[in-house]
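Heads up, the thing below is written out as structure tokens.
The values are calculated or read from the model by the stated rules, or taken from the named source; none is laboratory data. Just so you know, these numbers come straight off a predicted model, no measurement behind them. Quick reminder, even Gly has a Cβ in these numbers, built from the backbone with ideal geometry, and neighbours come from all protein chains shown.
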Amino acid sequence: MPFGGAALDLVGVPLPEETSTAAKQSDAILLGAIGGYKWDKNEKHLRPEMGLLNIRRDLNVFANLRPATVLPQLVDASTLKKEVAQGVDMMIVRELTGGIYFGEPRGITINENGEEVGFNTEIYAAHEIDRIARVAFETARKRRGKLCSVDKANVLDASILWRKRVTALASEYPDVELSHMYVDNAAMQLVRDPKQFDTIVTNNIFGDILSDEASMITGSIGMLPSASLGESGPGLFEPIHGSAPDIAGQDKANPLATILSAAMLLKYGLGEEKAAKMIEDAVVDALNKGFRTGDIYSPGNKLVGCKEMGEEVLKSVDSKVPV
Ligand SMILES: NC(=O)c1ccc[n+]([C@@H]2O[C@H](COP(=O)([O-])OP(=O)(O)OC[C@H]3O[C@@H](n4cnc5c(N)ncnc54)[C@H](O)[C@@H]3O)[C@@H](O)[C@H]2O)c1
Ligand SMILES: CC(C)[C@H](C(=O)O)[C@@H](O)C(=O)O
Ligand SMILES: [Mg+2]
């Protein structure tokens, strides 16, 4: 279904009614990254990004799971020293349908001095914090049992409430070790010692920023998939990166984040864990054979384009499908 810039070009809006309806009627949605220079000067409601925010909000997919794992094959591609990067395996649970992205009031207006002012509102209701915290506690419970809640409770009121609600829920999850960290420290700790993190839970905007940062530990933003889930209805699955307009059309983009998002779709969206594993294994196969797009290339490997990387993964998937 057309979406983002493609939909703007086709029908003049980033999220056409038909796309929205089809998405709601689907079992799961795989979403291609949106955006690009062509639409950057559009009015806000006619920007591809608004389509993305609206589809997330319409589907109520408040829980965005962003795994960041350093694959052994890609340790050399990490921006961090080998010993720091090796073995990193974390899950960032980002709140996706609230906070400053959606808070009211917002806008650009003229203040009493006749000067233009732009403003947004960081706002969280208790139930929004509770539901994302529960997803995070459950996630941590299935992983290594450590949850770090990241906020800015030393300054922001919304973060003070965030910390209070997360702390209150901890008694329901005695098997999970909860800690709290301010976001500025978290940004630093991520590159100092990323292995200290198992599961991170944080708000919309901090999760956006920290997940891009975490991606570089894994080698590239072209490696990070995501799953956005609600309490019911279809999940939305997309890479965490954008449309990479600086390399668009050059057959250079790493397709693995999108391919791994399809694996997350199978696992979290359809409960097809075996099929998901097949895709994840196929990605590992392609990496084991030395295929690398430019963003994860290190000497001694085979530099390939987006298309060839995709074909290699496909070949491996085909070889695994029982006849
Ligand atoms: N979920 C989404 O659809 C999504 C996410 C982020 C940004 N965007 C949009 O994408 C557009 C570009 O934004 P940006 O440049 O800030 O972020 P971006 O993620 O598109 O690109 C940032 C940098 O990472 C590189 N990169 C991204 N994906 C890559 C891949 N798969 N393989 C190799 N390199 C990759 C790009 O070349 C670029 O240098 C904007 O319009 C933005 O709003 C969309
Ligand atoms: C394109 C933008 C609206 C989006 C976000 O900020 O959520 C993106 O950066 C992401 O991480 O999915
Ligand atoms: Mg982002």
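Based on this model, can you work out whether residue 258 counts as crowded, with 24+ Cβ neighbours inside 10 Å and either more than 11 Å from ligand 1 (Cβ to nearest atom) or not assigned by the TED database to the domain that holds residue 194 (or both)? Quick ask: steps written out before the conclusion?
On the way: crowded, with 24+ Cβ neighbours inside 10 Å: no; either more than 11 Å from ligand 1 (Cβ to nearest atom) or not assigned by the TED database to the domain that holds residue 194 (or both): yes.
For residue 258, the condition - crowded, with 24+ Cβ neighbours inside 10 Å and either more than 11 Å from ligand 1 (Cβ to nearest atom) or not assigned by the TED database to the domain that holds residue 194 (or both) - is not met.
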Members of the range 292-314 found to be over 24 Å from the mean Cα position of the chain (by Cα) and touching a residue at least 12 places away in the same chain (Cβ under 8 Å), listed by number: 298, 302, 304, 308, 312
Residue list for the range 20-61, restricted to those being in contact with a Gly (Cβ under 8 Å, 6 or more places away or on another chain) and away from ligand 3 (no atom under 16 Å from the Cβ): 24, 27, 28, 29, 38, 39, 46, 59, 60
Strands (runs of 3 or more DSSP E) wholly inside the range 159-241 containing at least 3 residues that are farther than 16 Å from residue 62 by Cβ: 177-182
The range 63-77, residues that are closer than 18 Å to residue 227 by Cα, among the polar types (S, T, N, Q) and away from ligand 2 (no atom under 12 Å from the Cβ): 69
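Results for (1) part of a helix (DSSP H, G or I); (2) closer than 23 Å to residue 155 by Cβ, shown as yes or no for each residue.
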position: 103; (1), (2): no, yes
position: 114; (1), (2): no, no
position: 124; (1), (2): no, yes
position: 130; (1), (2): yes, yes
position: 133; (1), (2): yes, yes
position: 138; (1), (2): yes, no
Unique residue being more than 10 Å from ligand 3 (Cβ to nearest atom) and assigned by the TED database to the domain that holds residue 102 when the list is 227, 214: 214
Selection within the range 242-282 - over 20 Å from residue 307 (Cα atoms) and either outside any helix (DSSP H, G or I) or in contact (Cβ under 8 Å) with a residue 60 or more places away in the chain (or both): 264, 265, 268, 269, 270, 271, 272
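Take residue 216 and decide whether it is of a type outside the set (Val, Ile, Thr) and within 16 Å of ligand 1 (Cβ to nearest atom).
Working: of a type outside the set (Val, Ile, Thr): yes; within 16 Å of ligand 1 (Cβ to nearest atom): yes.
So residue 216 fits the description; yes.
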Close pairs (6 angstrom Cβ cut-off, 6 or more residues apart or separate chains): over 14 Å from residue 230 (Cα atoms) in the range 48-62, within 10 Å of ligand 1 (Cβ to nearest atom) anywhere: 48/4; 48/5; 48/34; 48/35; 48/39; 51/3; 51/4; 52/34
Subset tally (residues that are under 14 Å from residue 219 (Cβ atoms), basic (Lys, Arg) and part of a loop (DSSP other than H, G, I, E, B)) for the range 283-323: 0
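Within the range 45-93, track down each residue that is among the hydrophobic types (A, V, I, L, M, F, W, C) and assigned to a loop (DSSP other than H, G, I, E, B).
Filtering the range 45-93 for residues among the hydrophobic types (A, V, I, L, M, F, W, C) gives 46, 50, 52-53, 55, 59, 61-63, 65, 68, 70-71, 74-75, 77, 80, 84-85, 88, 90-93.
Answer for the range 45-93, where residues must be among the hydrophobic types (A, V, I, L, M, F, W, C) and assigned to a loop (DSSP other than H, G, I, E, B): 61, 62, 70, 71, 80, 88.
Can you confirm whether residue 263 is more than 14 Å from ligand 2 (Cβ to nearest atom), farther than 19 Å from residue 25 by Cβ and at pLDDT 95 or above? Please lay out each step first, then the result.
Numbers: more than 14 Å from ligand 2 (Cβ to nearest atom): yes; farther than 19 Å from residue 25 by Cβ: yes; at pLDDT 95 or above: yes.
Spelling it out, residue 263 is indeed more than 14 Å from ligand 2 (Cβ to nearest atom), farther than 19 Å from residue 25 by Cβ and at pLDDT 95 or above.
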